[in-house]
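The values are calculated or read from the model by the stated rules, or taken from the named source; none is laboratory data. From a predicted model like this one, the values you see are computed outputs, not experimental measurements. So basically every Cβ, Gly included, is an ideal-geometry build from the backbone, and we count neighbours across all protein chains shown. We work out accessible area using only protein heavy atoms, side chains counted, and drop any ligands, DNA or RNA first. Shrake-Rupley method; radii C 1.70, N 1.55, O 1.52, S 1.80 Å.
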Amino acid sequence: MRSGNPVLKESTFLDLGSGAVVSRDGDAMTLNGTVNKTGFLLLLTVLTAAFAWSQALGPDGTPAPGFAAYVWGGAIGGLVLAIVTAFKKEWSPVTAPLYALVEGFFLGAISALYNHLYEGIVMQAVMLTFGTLFALLFAYRSGLIKATENFKLGVVAATGGIALVYLATIALGFFGIRIPLIHESGLIGIGFSLFVIVIAALNLVLDFDFIESGVEHGAPKYMEWYGAFGLMVTLVWLYIEFLRLLAKLQSRD
């Protein structure tokens, strides 16, 4: 049950003492329950994102005084809650909704800025994100894409490579060093964004497989929240990458 998503990992459904898969005769994780909780987390994210959108920019389109608080507070708060949830998955009924609320502030502020710079880009990114979600879900359910071990290994390796590139970008940024080409609007930068989007999309397949495995093995009921949280992490990543790609494309016009 390998997943490229760092919060959905191989040992999540395993009993730490015996190594056996945890089984519950009653009150177990269900697919419908996970879907419903994913929808609830999306709703919470939209609510706080809409608020941050309305507050992030001034009348002239420049960042408002609270813009940095929404961006950095949302980003850092979301990261902290994600780490806590990953290590304490039994807390996910509380931490997953909190993650959605906090992440919404970050997404709303960033989206407002992108939409000011490139009008209409946010709606395009939203449509592409959910279009990709449903297309990959259909491909997975119909058997067009199967989460084999080799498939999982390839996606996990590619995801790890992308994570290293972004970590290097952040670390070098503190010293005023910028990695050339891949973060720019040239052909290499656009190609890199396309590659990242493909890998993020393929992570959705691994997330579907992971959630389905949890349902089949009778994971505890709170794992519905954890599965929904893991899917949200991938969707947030995918949406941000679509924003970056569309911005690169429009900046070339």
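Using only protein heavy atoms and a 1.4 Å probe, report how much of Glu241 is accessible, in Å² to the nearest 10.
10 Å²
What is the chain's relative contact order, in percent, from Cα pairs under 8 angstrom and six or more apart in sequence?
35 percent
Residue separation times 0.36 nm, minus the C-alpha to C-alpha distance between Phe51 and Trp72: what's the value?
Residue separation times 0.36 nm, minus the Cα-Cα distance, leaves 6.0 nm.
Pairs of lysine in the chain with Cα under 23 Å and at least 8 positions apart or on different chains: total?
Total qualifying Lys-Lys pairs in the chain comes to 12.
Go ahead and set up a Gaussian network model of the chain, Cα springs under 10 Å, then flag whichever of Met127, Met232, Met223 fluctuates most.
Checking each option, the largest mean-square fluctuation is seen for Met127.
Mind jotting down the distance between the C-alpha centroids of the range 110-136 and the range 142-210, whole Å?
With the range 142-210 and the range 110-136 each reduced to a Cα centre, they are spaced 18 Å.
For a quick check of your reading of the filter: which trypsin sites (Lys or Arg not before Pro) in the range 105-176 sit in a DSSP loop and have no more than 12 other Cβ atoms within 10 Å?
Here the trypsin sites (Lys or Arg not before Pro) that fit, given the DSSP loop and packing criteria, are Lys146.
Dimensions of the chain along principal axes (Cα, Å, largest first)?
If we take the Cα atoms of the chain, the spans are 59, 37, 36 Å.
Starting from 0.36 nm per residue, how many nanometres of slack lie between Thr148 and Leu187 once their C-alpha separation is accounted for?
Once the chain is fully extended between Thr148 and Leu187, it gains 10.8 nm.
When the helices in the chain are scored as -39500 (n - 2.57) per DSSP H run of 4 or longer and the sum is shared across all residues, what 222 nm value do you end up with, to the nearest 500 deg cm²/dmol?
After summing the helix terms and dividing by residue count, I get -25000 deg cm²/dmol.
For the range 138-153, just list the computed ³J(HN,Hα) in residue order, Karplus coefficients 6.51, -1.76 and 1.60, θ = phi - 60°, integers in Hz, with x standing in for Gly and Pro.
Whole-Hz 3J(HN,Hα) from phi for the range 138-153: 5, 5, 6, 5, 8, x, 5, 10, 10, 7, 6, 5, 5, 4, 4, 4.
Taking 0.36 nm per residue of separation and subtracting the Cα-Cα distance, what length does fully extending Val198 through Leu117 add?
Extra length from Val198 to Leu117 when fully extended: 26.7 nm.
Would you mind telling me which residue in Ala163, Ala49, Ala112 has the biggest mean-square fluctuation in a Gaussian network model of the chain, where springs connect alpha carbons within a distance under 10 angstrom?
Residue with maximal mean-square fluctuation among Ala163, Ala49, Ala112: Ala163.
Under 5 Å between amide hydrogens, which residues at least 5 positions from Ile145 or on another chain qualify, with H placed 1.01 Å from N in the peptide plane?
Tyr140
Mind ordering 165-171, 70-76, 119-125 by average Cβ neighbours within 10 Å, highest first?
Per-residue Cβ counts within 10 Å, averaged per peptide and sorted highest first, yield 70-76, 119-125, 165-171.
With a point put 7 Å past each Cα toward its Cβ, work out how far Thr62 is from Ala135 in nm, to one decimal.
4.0 nm
Hey, got the Cα dimensions of the range 158-237 along the principal axes, in Å, largest first?
For the range 158-237, the Cα extents along the three principal axes come out at 49, 26, 17 Å.
Which far-off residues, 5 or more places away or on another chain, put their amide H under 5 Å from the one on Leu57, with H placed in the peptide plane?
Counting only residues 5 or more places away or on other chains, the set is Ala64.
Comparing Phe242, Phe174, Phe67, which has the greatest mean-square fluctuation in the GNM of the chain with Cα pairs linked when under 10 Å apart?
Comparing Phe242, Phe174, Phe67 in the GNM, the peak value goes to Phe174.
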